[in-house]
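Data first, discussion second: the structure below is written as structure tokens.
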Amino acid sequence: MKQDNKPLLDGIKVIELTTMVFGPAAGVVLSDYGADVIKIEPPVTGDLNRNWHKIVGLPISDMPYTFQMTNRNKKSVVLDLKLEESYEVLCKLVKNADVLITNYRLDAISRLKIDYETMKTVNPKIIYALATGYGEEGEERNKPGYDTVCYWSRSAFENHIFPYEGWLHNFPFGAGDHPSGMTLFASIMSGLYQRFQTGEGCKVTTSLLANGAWSNSVMLQAQLANAEFREKRPRDNAYNFISLNYKTKDDLLLKLTLVNTARDWLPFCKAIRRENFINDELFCTAENRIKNMHSLIKEISDAFLEEDMNYWLERLTAFDIPHSKIFTYEEAANDPQKIKNGIVVPLDHPEYGSIKTISSPFDVGGYEKRTPGPAPNLGEHTEEVLRSLGYTGDQLEKYLDF
């Protein structure tokens, strides 16, 4: 921690007009580093993500874990922005803010008069961060956008890995929103840096469509280079053995990743107790392995079936072969390596007690993150925030009935 003990973003005020995951995911990182994040929510329902953990198919819990993950340490203020008096409150908040984040749909942004041009007249120094599904241009700009379609489907990720028998489960909740939120966070920090240089505010923007394309950009670049794509093959007839899952004797799955095969081939053969592969005419050269890949995959699969997972984890580690057990959610959440590196961290929740949560995925030398706290109850900070703006008595009370 710095000698003055101030968080990295101490004094930065953020107004969030967000819903679900994409926008809030950027705001939670800002809050981790000490920014004062005020989340504006509509009456009655609040952010839809408050109840998304109840959707059939998601893990069952009374705790609103979907909302907790991206809203810790924020303040919740309830305002009905369709009312002129509530809009006036918003403008007062924006006037003294550094950042405004929104991932509302573009037509709603226009209807509620929270677009950049309008907000810039309220505060010319505001960093206005817009997160969209499909971008601001084109025929699809006003379509509802979620990571399941904009990030996974439109990037061709889903087409690339779609199994022959179809999906047993959907992509994990927010798995495209969270990395996209990190891009939005980077955009905000870039905007703050340019304001530091010029003294002027600006608009920064990113989309799920852009982030999905960036995540799968190597394969999209292959297409743009007119590369010839190979047909899909089942696992036993894969093009290469180097990055497949292998079943062990105790019916668990092991993942290999032999990126540097020229270096790793000999130690790998020794690790799996198949030294005969080294001089076997079928497998002794890279060219021969390619010609006989189907046989090689079967031989390696048979080798891994000879011992339990723990044996292979120790054996492959000893021979410095890149690998991992395929983790269950229980193992992934309680991974000692994550705990040791501050990825999984403690959280004391006033209602649910001592639990753990996932920290934002980077550290800044010399600064500590804020201790994770609970996500706010709906409207929990309405009175506090409005009093700070000078609202009292009957003027205040009308905002507290939500």
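Quick check, is THR118 modelled with pLDDT of 95 or more, in a helix (DSSP H, G or I) and either of a type in the set (Ser, Thr, Tyr) or surrounded by fewer than 20 Cβ atoms within 10 Å (Cβ to Cβ) (or both)? The answer is yes for THR118.
Could you count how many residues in segment 146-173 are assigned to a loop (DSSP other than H, G, I, E, B), among the small types (Gly, Ala, Ser) and at pLDDT below 95?
The total comes to 2.
Restrict the check to segment 297-319 and report whether at least one residue is among the aromatic types (Phe, Trp, Tyr) and touching a strand residue (DSSP E or B) at 6+ places or on another chain (Cβ under 7 Å). Within segment 297-319 (the criterion being among the aromatic types (Phe, Trp, Tyr) and touching a strand residue (DSSP E or B) at 6+ places or on another chain (Cβ under 7 Å)), the answer is yes, since at least one residue qualifies. Residues in segment 30-88 that are surrounded by 21 or more Cβ atoms within 10 Å (Cβ to Cβ), without any contact (Cβ under 8 Å) to a residue 60 or more places away in the chain and aliphatic (A, V, I, L, M): VAL37, ILE40.
For segment 245-269, filtered to residues that are in a loop (DSSP other than H, G, I, E, B) and touching an Asp or Glu at 6+ places or on another chain (Cβ under 9 Å), the residue that is surrounded by the fewest Cβ atoms within 10 Å (Cβ to Cβ) is ASP250. Just one residue in the set LEU296, LEU282 is outside any loop (DSSP other than H, G, I, E, B) and among the aliphatic types (A, V, I, L, M); that residue is LEU296.
In segment 98-115, what residues are surrounded by fewer than 22 Cβ atoms within 10 Å (Cβ to Cβ) and touching a residue at least 24 places away in the same chain (Cβ under 8 Å)?
TYR104, ARG105, LEU106, ASP107, LEU112, LYS113
For segment 202-229: of the residues being in a helix (DSSP H, G or I) and within 17 Å of the chain's Cα centre (by Cα), which is surrounded by the fewest Cβ atoms within 10 Å (Cβ to Cβ)? That would be TRP214.
Residue-wise test of (1) of a type outside the set (Asp, Glu); (2) more than 22 Å from the chain's Cα centre (by Cα); (3) more than 23 Å from ASN123 (Cβ to Cβ).
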residue	(1), (2), (3)
LYS6	yes, yes, yes
ASP10	no, yes, no
GLU16	no, no, no
GLY23	yes, no, no
SER31	yes, no, no
GLY34	yes, no, no
ILE40	yes, no, no
THR45	yes, yes, yes
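Every condition in (1) surrounded by fewer than 12 Cβ atoms within 10 Å (Cβ to Cβ); (2) part of a helix (DSSP H, G or I) is met by SER190 except one, and the failing one is (1).
Taking each residue of segment 249-276 that is more than 16 Å from TYR311 (Cβ to Cβ) and looking for partners that are part of a helix (DSSP H, G or I) and β-branched (Val, Ile, Thr) with beta-carbon atoms closer than 9 Å, six or more apart or interchain, yields TRP265/ILE278; LEU266/ILE278; CYS269/ILE278.
Give ASP320, ASP302 a once-over and let me know the one that is assigned to a helix (DSSP H, G or I) and at pLDDT 95 or above.
ASP302
In a residue-by-residue description of segment 67-80, the property of being over 29 Å from ASP401 (Cβ atoms), under 18 Å from the mean Cα position of the chain (by Cα), in a helix (DSSP H, G or I) and modelled with pLDDT of 95 or more applies to at least one position.
Within segment 81-131, the residues that satisfy the criterion of being among the aromatic types (Phe, Trp, Tyr) and more than 23 Å from PHE402 (Cα to Cα) are TYR116, TYR128.
Please work out if THR183 is surrounded by fewer than 17 Cβ atoms within 10 Å (Cβ to Cβ), more than 30 Å from GLU231 (Cα to Cα) and either of a type outside the set (A, V, I, L, M) or over 14 Å from the mean Cα position of the chain (by Cα) (or both). Considered against the rule, which asks whether it is surrounded by fewer than 17 Cβ atoms within 10 Å (Cβ to Cβ), more than 30 Å from GLU231 (Cα to Cα) and either of a type outside the set (A, V, I, L, M) or over 14 Å from the mean Cα position of the chain (by Cα) (or both), THR183 comes out as no. Residues considered: LEU81, LEU90, LEU112, LEU106. Of these, the only one that is more than 21 Å from ASP10 (Cβ to Cβ) and in contact with a helix residue (DSSP H, G or I) (Cβ under 6 Å, 6 or more places away or on another chain) is LEU81.
The set of residues from segment 1-50 being over 19 Å from LEU93 (Cα atoms), assigned to a loop (DSSP other than H, G, I, E, B) and β-branched (Val, Ile, Thr) comprises VAL21, VAL44, THR45.
The values are calculated or read from the model by the stated rules, or taken from the named source; none is laboratory data. These numbers come from a predicted model, not from an experiment. Positions of Cβ are generated from backbone atoms using ideal geometry, with glycine treated the same way; all protein chains shown enter the neighbour counts.
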